[in-house]
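All remarks here apply to the structure that follows.
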Amino acid sequence: MKFVVATNNGGKLQEFRDILKEFGHEAVSLKEVNIDTDFEETGETFRENAYMKAGTIAKLSGLPTIADDSGLMVEALGGEPGVYSARYCGRHGDDAANNEKLLEKMKGNKERRAKFVSAVCAVFPDGRVLQAEGECPGEILHEPKGNGGFGYDPLFYVPALGKTFAQMDKTEKNMVSHRKKALDKLKILLSK
């Protein structure tokens with residue numbers, strides 16, 4: 001099946017392409033279906049934002065559409081940055097400034113537990129909606145490590161692998177990522 005991926009984030013699009021390919025599905029970008037739009041994420045949860053994005057693009061494209069809203073939740077900060085992860089610093093998509101703000105807020109804090117959360121939503125032209133969520137537990141480092149990935153990946157350490165997301169290759173990251181776990185659950189729903 002071909003899915004339009006409702007994102008303007010190149011890193012996220014590539015992850016979707018890689019993971020959906022494993023499941024025998026194809027992922028196409030907004031550009032490939034001639035849609036140029038930005039998304040206002042006004043939902044109070046990752047799930048609401050994913051549904052809004054997927055629903056909007058499914059209507060515009062007439063094709064099955066998949067979207068996710070994902071972010072980082074830090075225990076010591078009461079779940080921040082949460083749904084504001086991409087715009088934590090006040091500007092959308094400024095990874096360096098978002099990481100800087102997170103490190104500033106975490107200064108002197110011994111409690112470093114965090115998790116990445118992904119809510120994935122697939123909306124079909126016939127109105128069917130499938131939703132799934134995934135999480136990856138980890139810790140926030142005191143300084144960035146690694147050059148890969150995007151967003152908070154250089155600060156997000158996964159003890160089970162002894163690396164940050166930014167130090168992992170694609171295969172390692174896709175084994176443990178929150179997005180992969182959500183898509184694994186969605187795969188089961190799609191097969192029903």
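What follows is calculated from the coordinates using simple rules that are stated; it is not laboratory data. Only a predicted model underlies this, so the values are computations on that prediction, with no experimental measurement involved. Here Cβ is always computed from backbone atoms with ideal geometry, including for glycine, and neighbour counts include all displayed protein chains.
Would you mind pulling out the separation of the Cα centroids of the stretch 173-192 and the stretch 20-38, in Å?
17 Å
Where the centroid of each part is defined by its Cα atoms, how far is the stretch 99-168 from the stretch 53-74 in Å?
The stretch 99-168 and the stretch 53-74 have Cα centres spaced 19 Å from each other.
Choose one answer from E139, E15, E104: the residue with the largest mean-square fluctuation in a GNM of the chain with alpha-carbon springs under 10 Å.
E104
222 nm [θ] for the chain, helices only, -39500 (n - 2.57) per DSSP H run of 4+, per residue, to 500? The partial results should precede the final answer.
Values: 5 runs with 62 residues, N = 192.
Taking each H run of at least 4 residues, the total per residue is -10000 deg cm²/dmol.
Ordered by residue, what ³J(HN,Hα) values in Hz, to whole numbers, does the stretch 106-112 give under the Karplus form 6.51 cos²θ - 1.76 cosθ + 1.60, where θ = phi - 60° and Gly and Pro are x?
Once θ is set to phi - 60°, the couplings for the stretch 106-112 become 8, 3, x, 8, 7, 6, 10 Hz.
Count charges around P154 for me, please; just the other residues with Cβ under 10 Å from its Cβ, Lys/Arg as +1, Asp/Glu as -1.
-2
Between E80, E135, E44, find the one with the highest GNM mean-square fluctuation for the chain; connect C-alpha pairs within less than 10 Å.
E44
Less than 13 Å Cβ to Cβ from E75, Lys/Arg counted +1 and Asp/Glu -1: what total charge do the surrounding residues give?
Net local charge, E75 excluded: +1.
Using a Gaussian network for the chain with springs between C-alpha atoms less than 10 Å apart, which of these wobbles most: N49, N34, N147?
Checking each option, the largest mean-square fluctuation is seen for N34.
Suppose we keep just the DSSP beta bridges with both residues in the chain; what percent of those would be antiparallel, to 5?
Around 85 percent antiparallel, to the nearest 5.
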